[in-house]
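Heads up, the thing below is written out as structure tokens.
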Number of protein chains: 2
Amino acid sequence: MNSTVSLADKLGRIDDHWSPRIVAQLNDQHVKVVKLLGEFVWHEHADTDELFLVVHGTLHIDLPDERRTLRTGELFVVPRGVRHRPVAEQECQVVLIEAAGTVNTGDRSDSELTNPAEWL
Amino acid sequence: MNSTVSLADKLGRIDDHWSPRIVAQLNDQHVKVVKLLGEFVWHEHADTDELFLVVHGTLHIDLPDERRTLRTGELFVVPRGVRHRPVAEQECQVVLIEAAGTVNTGDRSDSELTNPAEWL
């Protein structure tokens, strides 16, 4: 049977940034937790929508024509194929949900920020 | 473009129990919010896993051989085909994620608690 997952516990075990860890699977989607700080690379995911839920802090998501700003308890779904760039001026803690197998940098898998997600 | 969703705002607009509202779609999954109080009906979903994330309060999920207790910030995925019964001794606020089109009472669609989910 699946584990009960404490988001705070999982996030407390992460001491780096931009490296999502898988904490649950729901149908063919992975639920991940990640700490973000600074500017990520502009990228897109051709084959999956990507949900961002902020559990602590403030996250900007730059989109082609606008910036969305998410605070604790707010979520936003970046549609597949839409270029975006997460930006965190201070460290923030985020839940990501996206198709299993998604690489964090999408079409920019040449980035030094590319990290395959592992289970935590 | 999708809306930015505040969970607190959406939950603040709900004044009933056991009636999930859809607040976002991620690939073929619906993200819902719901307030729970009391004992739900035992049921199962043959075709979808179901994620419960407690955003406020305490939720018990009775399973065939055990009871899981989730507190604020904890999540659990009930696998498809597993009978379960949510129980909330006091009102709790929950995010549900499951396949689009899922009915809350699963195979017990004859229940008086059956509620088709609508967008909020």
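Couple of notes before you dig in:
- With respect to the conditions (1) within 8 Å of another protein chain (Cβ to nearest Cβ); (2) modelled with pLDDT under 95, B:GLU118 lacks only one, and its number is (1).
- Test for B:LEU59: is it assigned to a strand (DSSP E or B) and aliphatic (A, V, I, L, M): yes
- Yes/no for A:THR69 being in a strand (DSSP E or B) and of a type in the set (Ser, Thr, Tyr): yes
- Any hit, region A:101-111, residues being assigned to a loop (DSSP other than H, G, I, E, B), among the basic types (Lys, Arg) and touching a strand residue (DSSP E or B) at 6+ places or on another chain (Cβ under 6 Å): yes
- A:GLY57 away from every other protein chain (no Cβ under 14 Å) and in contact with a Cys (Cβ under 7 Å, 6 or more places away or on another chain): yes
- When B:ARG80 is tested against (1) within 11 Å of the chain's Cα centre (by Cα); (2) closer than 21 Å to A:VAL5 by Cα, exactly one condition is not met: (1).
- Inside region A:70-98, residues that are within 14 Å of chain B (Cβ to nearest Cβ), buried (at least 16 other Cβ atoms within 10 Å of the Cβ) and farther than 16 Å from A:HIS43 by Cα make up a count of 10.
- Among the residues of region B:1-18, those identified as part of a loop (DSSP other than H, G, I, E, B) and modelled with pLDDT of 95 or more are B:SER3, B:THR4, B:ARG13, B:ILE14, B:ASP15, B:ASP16, B:HIS17, B:TRP18.
- Checklist (1) closer than 26 Å to A:SER3 by Cβ; (2) open to solvent by 10 Å² or more (accessible area, probe 1.4 Å) applied to A:VAL54, failing item: (2)
- Inside region A:4-21, residues that are open to solvent by 20 Å² or more (accessible area, probe 1.4 Å), within 10 Å of A:VAL34 (Cα to Cα) and within 11 Å of chain B (Cβ to nearest Cβ) make up a count of 1.
- Condition met for B:THR105 (of a type in the set (Val, Ile, Thr) and open to solvent by 10 Å² or more (accessible area, probe 1.4 Å)): no
- Within region B:24-47, being buried (at least 22 other Cβ atoms within 10 Å of the Cβ), within 9 Å of another protein chain (Cβ to nearest Cβ) and either touching a residue at least 40 places away in the same chain (Cβ under 8 Å) or more than 21 Å from A:GLN29 (Cβ to Cβ) (or both) holds for B:LEU26, B:GLN29, B:VAL31.
The values are calculated or read from the model by the stated rules, or taken from the named source; none is laboratory data. Only a predicted model underlies this, so the values are computations on that prediction, with no experimental measurement involved. Note that we place each Cβ from the backbone using ideal geometry, even for glycine, and neighbour counts take in every protein chain shown. Surface accessibility is based on the protein's heavy atoms, side chains included, excluding ligands, DNA and RNA. Shrake-Rupley method; radii C 1.70, N 1.55, O 1.52, S 1.80 Å.
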